[in-house]
1. For segment 122-151, name all the residues that are charged (D, E, K, R) and within 18 Å of the chain's Cα centre (by Cα).
2. If residue 22 passes every condition in (1) surrounded by fewer than 19 Cβ atoms within 10 Å (Cβ to Cβ); (2) touching an Asp or Glu at 6+ places or on another chain (Cβ under 9 Å); (3) of a type outside the set (Ser, Thr, Tyr) but one, which one does it miss?
3. I'd like to check something: does segment 3-15 contain any residue that is surrounded by fewer than 19 Cβ atoms within 10 Å (Cβ to Cβ), under 22 Å from residue 106 (Cβ atoms), basic (Lys, Arg) and more than 12 Å from the chain's Cα centre (by Cα)?
4. In this structure, is residue 117 within 14 Å of the chain's Cα centre (by Cα), over 23 Å from residue 42 (Cα atoms), surrounded by 15 or more Cβ atoms within 10 Å (Cβ to Cβ) and at pLDDT 95 or above?
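The values are calculated or read from the model by the stated rules, or taken from the named source; none is laboratory data. This one's a predicted model, so the numbers in the text were calculated from it and none came from an experiment. Note that we place each Cβ from the backbone using ideal geometry, even for glycine, and neighbour counts take in every protein chain shown.
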Amino acid sequence: MLTIAEDAVVDPSVKLLHRDGDRDIAIGARTKIYRGAEILGPVEIGEDVFINRDAYIRPGTRLGDRVNLGPFVRLITDTHEIGGHDKRAGDVRHEPISVGDGTWIGAAVTVVGGVRIGAGCVIAAGAVVTSDVPDDTMVGGVPAAVIRRLR
């Protein structure tokens, strides 16, 4: 099922890939999603969220309220089991991503599956987030590391 709040604004070029029952997408009030985004459910997007152009959001992602995503952000829950010698990319699995209320994720950030980003965080542009980020923390780099705690 696709649920979009009446006052949400979703550019017509955004691909919302959903299927009733197992690929639901919910988009909260006052949320804005700019052009070129691709979202494959199940995905939950809170209220007052801003998603800049060309975001790539995969199944099992949850964005809290007042989250801001810069352009070209990738939230990638897909991964593979390690297969045998003949094909190392084995069976596909999805590990959820959760982004807490009020977090700002900068341009071209990649977050991999299984990561929880707390509330009130800042993720510096270009970072690759491979582990959990505590509330009110700024991280950056590849892989992302703590830059400082925020007040």
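1. 132, 135, 136
2. (2)
3. There is no residue in segment 3-15 that is surrounded by fewer than 19 Cβ atoms within 10 Å (Cβ to Cβ), under 22 Å from residue 106 (Cβ atoms), basic (Lys, Arg) and more than 12 Å from the chain's Cα centre (by Cα).
4. no
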